[in-house]
Amino acid sequence: MKKIIIIIVLIAVLVALAVAGFTLLNPRFFFQPKIGLTDNDKIQCRQILDQAERKSCNEVGYDKWLETIMRLAHENKDAAKCDIVPVIDDKDICLLNFVSFVGDSSVCDTIYDPARKQDCKNQIVIQSNDWSACQSFTTDIDRSYCYQNILNNTEGGGEKLCPSLAEPQKSLCWELYYTREAVNKTEYDICQKISTKQGRENCIKKMPADSDGDLLSDYKERTVYGTDPYKPDTDGDGYKDGDEVKSGHDPLK
């Protein structure tokens, strides 16, 4: 009886080993999409020609796989890594991301979408830190974006960059620099440093509301100083609230 039981157990073990061996030898075992992947993941991963990359895509999902490809491309400074991406739009994004890190202008010409190709060329201009090159941008918004990025990328900011420029670019540089400083610090007085009337007006327009014109924003009057945002001289002592704050006095006394 014991021999029969032993024989049955051995047969069961051999059958289990045979099934396991068949599964491991079956190529489909290695490329089976991960449970939980979306239909879109499966479709996108299926288009990847490289078997190892397709397997990786099936394991983590298409979006995660694409993020990894983009990271490896710029870390290894190898734009060709993006060639493995099967979707044209995603390949363009991969190349554009590569240029934002590496700055290789030749890569822009390999981007398919015309709008993204132009974005790529614009990115190269911004990375050059050449203020005059921003004038090649075709829209005011793009030019302003270019100028602001150069200001951000310049050590010392506008204090160092603006004096080095010739007019009228020097005045424009100071306007953008002081406007940014005024908005960031919520200080209206900074706008008055701008040399042109139009520049000062542009700066004020971008500041938070100052209903009573005392050079303190309504927000700061309510939350910081406790003054009346609709009365320029809250305590009635003949001095505007903003002037008192600037001189170190209490605008409520």
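The values are calculated or read from the model by the stated rules, or taken from the named source; none is laboratory data. Keep in mind the model is a prediction, meaning the values are calculated, not measured. In this analysis, Cβ positions are derived from the backbone assuming ideal geometry, glycine residues included, and neighbour counts consider all displayed protein chains.
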Matching entry among ASP237, ASP243, ASP212 (being over 30 Å from SER100 (Cβ atoms), more than 28 Å from the chain's Cα centre (by Cα) and modelled with pLDDT under 85): ASP212
Just the residues that are without any contact (Cβ under 8 Å) to a residue 24 or more places away in the chain, of a type in the set (S, T, N, Q) and either within 21 Å of LEU165 (Cβ to Cβ) or surrounded by 16 or more Cβ atoms within 10 Å (Cβ to Cβ) (or both), please, taken from region 90-138. SER128, GLN135, SER136
Expected single match for farther than 15 Å from SER171 by Cα, modelled with pLDDT under 85 and not assigned by TED's automatic domain parsing to the domain that holds ASN97 among THR138, THR154 is THR138
Counting just the residues of region 163-180 that are farther than 17 Å from SER136 by Cβ and aliphatic (A, V, I, L, M), which one comes out surrounded by the most Cβ atoms within 10 Å (Cβ to Cβ)? LEU176
Quick check on my filter: what residues within region 190-214 are surrounded by 13 or more Cβ atoms within 10 Å (Cβ to Cβ) and touching an Asp or Glu at 6+ places or on another chain (Cβ under 6 Å)? ILE190, ILE194, GLY199, SER211, ASP214
Given the options LYS160, LYS64, LYS117, LYS91, name the one that is charged (D, E, K, R) and more than 30 Å from ASN40 (Cβ to Cβ). LYS160
Elements of type helices (runs of 4 or more DSSP H) in region 136-253, at least 2 residues being small (Gly, Ala, Ser) and more than 18 Å from ILE126 (Cβ to Cβ): 169-185
